[in-house]
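Student: Pasting a structure here, questions to come.
The values are calculated or read from the model by the stated rules, or taken from the named source; none is laboratory data. All of these numbers come straight from a predicted model, not from anything done at the bench. When we count neighbours, we look across all protein chains shown, and the Cβ atoms used for this are built from the backbone with ideal geometry, even at glycine.
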């Protein structure tokens, strides 16, 4: 359970932080800090539990038949990344407490931050590839929220959309690649995949799978040609930048490459794709960083460059290169997080990040300046700092790739080192010179605890750089061994290896970087330059914007060709496709040859004749009287309910009847918004021949569609129950395994409960969407045909519409007594709910019944009376339903069973005797809550719109009374 707590803790705390008041800055930071610190302690303890095999694993049942279980797996590599995520996360929380302004919505910030932390921990601790992809996409969503945190700024919105579009597209590619990988191996278990390297590399699908997985990793880690999104993500608050671009978001891609390295590496395709993208990214990022003027922009491009360096090491494919990649990942996280925080301090204290206006800050910020200089030196690869050791290992591996005639990678490595020294000097230079007097703020040292995270990280850079074997050595060994296993090579973390070629390359990079910086400043005036030589014309952002504009234009053209604002053409196209596609697959003539196997019933046939007459009458009355047409449509629904009852399906009959009632009220409220129908005779217009042909065409299509559905129903009724089929499975196991004799209800809340959970979630989303749309929609005045003489009789205080007054004028006394329907129908709903597991009923039918009870009160007493006496809160009903359904499923987890596994308990009560209470009863209660909340949310929103529409002035709604009568 400790592994589960590492992931669940941040998500639960995220919900709690979102509910805290806006003025509780200390409470939110304390909450986030405690969660991160607790995770660090748990992760530290789990290091001692890795044991001889180096893995701690916990599996929870989900869909074992399909190889999909929730598997949490921690080895040395996952442990190192989990420590980075939570350790730097804790430092970012401390830093953000002082960085964020009191005017910012801090609860939202910490809520997003904790959710992102949980998503990243889910990525590194996943033992199932499908599960990993789910958390992978969650990181895209939560990073989108963090980057766009200051959503009032256009650059934040653009940066968030760009980052999400690129990384989410890569995530889709990764999903397809993972599906191919699971197909190749026969399992989505990470252990099985890592043990099947030879099988994967020899498979025919290896190359397409590798390309898709690489696209997912390269987009997330901002590798060429997808590197352009990372600098535009700098619109996020600096704590977000420090967290996302040091230990989390961009490190997810390189983590994936490390995780799958044993299964996918070792081929020429791997080397060309991974190392090629990394080499381009390494050089482009380093060179572009030299010409940046924003402190965070410089750090962003330097992050791109260092990620390229790690990717090159992974692409080289040798065990020593993997060691260097893991080591440099840790080193980069420490010095880059400290540099981002230092940049944030400079911005926070001076009011600007533009290096063209920043000078001489050492005098005002001596401690911060010292820390930033040391971190910049670590980034440049200065000896006795952690960056020097891992860069020297990189130079050694670059030499190993080449030969006596091929020095390309070695030259690229040295160039990257030279550029890295140059942009590090640019960052350092802001602390020297004469301080300008026109800064937005007078700089001074930040609060003590705001500087503490930078101090701690810089201390890590020094300790690792001086005594790497004692400080990071055991943890690096555990991480590397978890990937390489028995193939782990010998490597040394000693600071001094003697005079050799890698050391010469390091010294050449240091000297060359200093010379390049001095030459650019004196010769070309680097400080005033705004153009990146050679690369200025290649603008990744512009290419992205052009692509999005072309996609938008193509979508608009497609909508213009196929779309229409009229509902009728859309329905026509749908019906034609539904008729054409099955016809190409199935021959309807062969279906008609099936023999009849039942007795003919004149009563059943007469029932359907009544339904057909109601349907035809509704189509005819729709031209003249919409209310009559709606009543006839209700008759069709009742006919269908009786048919279900005739065919021994009482559960379906009850559901159909209640749905028909709700739908009728829904359409009745919608009729108030329709404009009055004006017939051609009233306008003295003769129906054209083209219009008659269109109606004839629609009639033919409608008749064909009806006959097709009748044929499908006929064939389904002729097929008798198959022995040993799926129906026998549920009939024989409903009582013994589901604890109920009502097979339909047991099927919904036990055997297929995950489907039901998804359905009620969709229902909740639809209800909230309709509610949000109706809040913004207002009916046009011309669509509200209320006679002026009736408008004056409206009593706004009573919350009544004119129609309600006319009705209550005739039913004034009965309407008082009809309020008793609420408790009566409530008892009926409770009866249906309680009996649902063994007899017809259940949470869905009970929810609809209770909703009808509330709707009756709206119709009789008006909106204001109902809401003042009943105090309905549909949002809370929905939240309660979803919460209790999910808690029921997770309760099975806690007992060691698959998600939503049902259990039945028997209790003996003094008066009632023995009763059985299945856990599916609690799940069904969640279904009841969602159904009630969703139904009431939609219908009350419609009712509010109708009440508001009738309160418009009489002058704005004065069509003829005949039109009013025609609608109602």
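Student: Does residue 457 satisfy being farther than 30 Å from residue 263 by Cα and free of Cβ contacts under 8 Å to residues at least 24 places away in the same chain?
Tutor: no
Student: Residues that are modelled with pLDDT under 85, on the phi > 0 side of the Ramachandran plot and surrounded by 14 or more Cβ atoms within 10 Å (Cβ to Cβ): does segment 734-748 have at least one?
Tutor: yes
Student: Suppose the filter is closer than 27 Å to residue 513 by Cβ and either in a loop (DSSP other than H, G, I, E, B) or modelled with pLDDT under 90 (or both); does residue 390 pass it? Steps first, please.
Tutor: Working: closer than 27 Å to residue 513 by Cβ: yes; either in a loop (DSSP other than H, G, I, E, B) or modelled with pLDDT under 90 (or both): no.
No; evaluated as a whole, the condition is false for this residue.
Student: Within the bounds of segment 99-107, is there any residue that is under 30 Å from residue 349 (Cβ atoms), surrounded by fewer than 23 Cβ atoms within 10 Å (Cβ to Cβ), touching a residue at least 40 places away in the same chain (Cβ under 8 Å) and under 22 Å from the mean Cα position of the chain (by Cα)?
Tutor: yes
Student: For residue 338, are the conditions met, namely being touching a residue at least 40 places away in the same chain (Cβ under 8 Å), within 28 Å of residue 102 (Cβ to Cβ) and out of contact with any helix residue (DSSP H, G or I) (no Cβ under 7 Å at 6 or more places or on another chain)? Give the derivation first.
Tutor: Working: touching a residue at least 40 places away in the same chain (Cβ under 8 Å): yes; within 28 Å of residue 102 (Cβ to Cβ): yes; out of contact with any helix residue (DSSP H, G or I) (no Cβ under 7 Å at 6 or more places or on another chain): no.
Here the answer is no, as residue 338 does not meet what is asked.
Student: Does any residue in segment 470-484 that is under 16 Å from residue 254 (Cα atoms) come within less than 7 Å, Cβ to Cβ, of a residue that is outside any helix (DSSP H, G or I) six or more places away or on a different chain, and which pairs are these?
Tutor: Correct list of pairs: 480/488; 482/54; 482/75.
Each row is one residue, and each column tells you yes or no for (1) surrounded by fewer than 22 Cβ atoms within 10 Å (Cβ to Cβ); (2) at pLDDT 90 or above; (3) under 40 Å from the mean Cα position of the chain (by Cα); (4) not assigned by TED's automatic domain parsing to the domain that holds residue 473.
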| site | (1), (2), (3), (4) |
| --- | --- |
| 347 | yes, yes, yes, no |
| 363 | yes, no, no, no |
| 367 | yes, yes, no, no |
| 383 | yes, yes, no, no |
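Student: Residue 330 versus (1) surrounded by fewer than 24 Cβ atoms within 10 Å (Cβ to Cβ); (2) under 29 Å from the mean Cα position of the chain (by Cα); (3) farther than 26 Å from residue 384 by Cβ: which is the lone unmet condition?
Tutor: Condition not satisfied by residue 330: (3).
Yes/no per residue for (1) under 22 Å from residue 543 (Cβ atoms); (2) in a helix (DSSP H, G or I); (3) touching a strand residue (DSSP E or B) at 6+ places or on another chain (Cβ under 9 Å):
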residue: 224; (1), (2), (3): yes, no, no
residue: 240; (1), (2), (3): no, yes, no
residue: 254; (1), (2), (3): no, yes, no
residue: 263; (1), (2), (3): no, yes, no
residue: 269; (1), (2), (3): no, yes, no
residue: 283; (1), (2), (3): yes, yes, no
residue: 306; (1), (2), (3): no, yes, no
residue: 311; (1), (2), (3): yes, yes, no
residue: 325; (1), (2), (3): no, yes, no
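Student: Further, regarding this structure: Tell me the residue from 506, 471, 482 that is over 30 Å from residue 260 (Cα atoms), surrounded by 14 or more Cβ atoms within 10 Å (Cβ to Cβ) and touching a helix residue (DSSP H, G or I) at 6+ places or on another chain (Cβ under 6 Å), please.
Tutor: Working: 471 fails: over 30 Å from residue 260 (Cα atoms); 482 fails: over 30 Å from residue 260 (Cα atoms).
Answer to the selection: 506.
Student: Could you give me the residue pairs with C-beta distances under 8 Å whose first residue belongs to segment 546-558 and is part of a helix (DSSP H, G or I), whose second residue is surrounded by 10 or more Cβ atoms within 10 Å (Cβ to Cβ) wherever it lies, and which are 6+ apart or on separate chains?
Tutor: Matching pairs, first to second residue: 548/165.
Student: Within segment 294-301, identify whether any single residue is in contact with a helix residue (DSSP H, G or I) (Cβ under 8 Å, 6 or more places away or on another chain), at pLDDT below 95 and at positive phi, and answer yes or no.
Tutor: No: zero hits.
Results for (1) farther than 20 Å from residue 834 by Cβ; (2) in contact with a helix residue (DSSP H, G or I) (Cβ under 9 Å, 6 or more places away or on another chain); (3) modelled with pLDDT of 80 or more; (4) surrounded by 13 or more Cβ atoms within 10 Å (Cβ to Cβ), shown as yes or no for each residue.
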| position | (1), (2), (3), (4) |
| --- | --- |
| 905 | no, yes, no, no |
| 915 | no, no, no, no |
| 924 | no, yes, yes, yes |
| 932 | no, yes, yes, yes |
| 939 | yes, yes, no, yes |
| 942 | yes, yes, no, yes |
| 947 | yes, yes, no, yes |
| 952 | yes, yes, no, yes |
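Student: Using the structure shown, decide if residue 299 is touching a residue at least 60 places away in the same chain (Cβ under 8 Å), more than 26 Å from residue 194 (Cα to Cα) and surrounded by 24 or more Cβ atoms within 10 Å (Cβ to Cβ).
Tutor: So residue 299 fits the description; yes.
Student: Go through (1) modelled with pLDDT of 90 or more; (2) closer than 30 Å to residue 451 by Cβ; (3) buried (at least 24 other Cβ atoms within 10 Å of the Cβ) and name the single condition residue 278 misses.
Tutor: Result: residue 278 passes all but (2).
Student: Can I ask one more? Looking at residue 425, is it touching a helix residue (DSSP H, G or I) at 6+ places or on another chain (Cβ under 7 Å), modelled with pLDDT of 90 or more and assigned to a loop (DSSP other than H, G, I, E, B)?
Tutor: no
Student: Scan (1) surrounded by 12 or more Cβ atoms within 10 Å (Cβ to Cβ); (2) at pLDDT 70 or above for the single condition residue 676 breaks and write down its number.
Tutor: The failed condition is (2).
Student: Any residue at all in segment 190-212 that's touching a residue at least 24 places away in the same chain (Cβ under 8 Å), in a helix (DSSP H, G or I) and touching a strand residue (DSSP E or B) at 6+ places or on another chain (Cβ under 9 Å)?
Tutor: yes
Student: Where in segment 803-874 are there helices (runs of 4 or more DSSP H), lying wholly inside it, with at least 3 residues that are surrounded by 15 or more Cβ atoms within 10 Å (Cβ to Cβ) and modelled with pLDDT of 80 or more?
Tutor: Helices (runs of 4 or more DSSP H) meeting the threshold: 821-835, 843-861.
Student: Still on this structure, please answer the following. Go through 123, 178 for me and flag whichever is closer than 26 Å to residue 460 by Cα and not in a loop (DSSP other than H, G, I, E, B).
Tutor: Selected residue: 123, the only one of 123, 178 that is closer than 26 Å to residue 460 by Cα and not in a loop (DSSP other than H, G, I, E, B).
Student: To continue, here is another question. Here is a list of conditions, (1) buried (at least 21 other Cβ atoms within 10 Å of the Cβ); (2) in a helix (DSSP H, G or I); (3) touching a strand residue (DSSP E or B) at 6+ places or on another chain (Cβ under 9 Å), and residue 118 meets all of them except one; can you say which number that is?
Tutor: (3)
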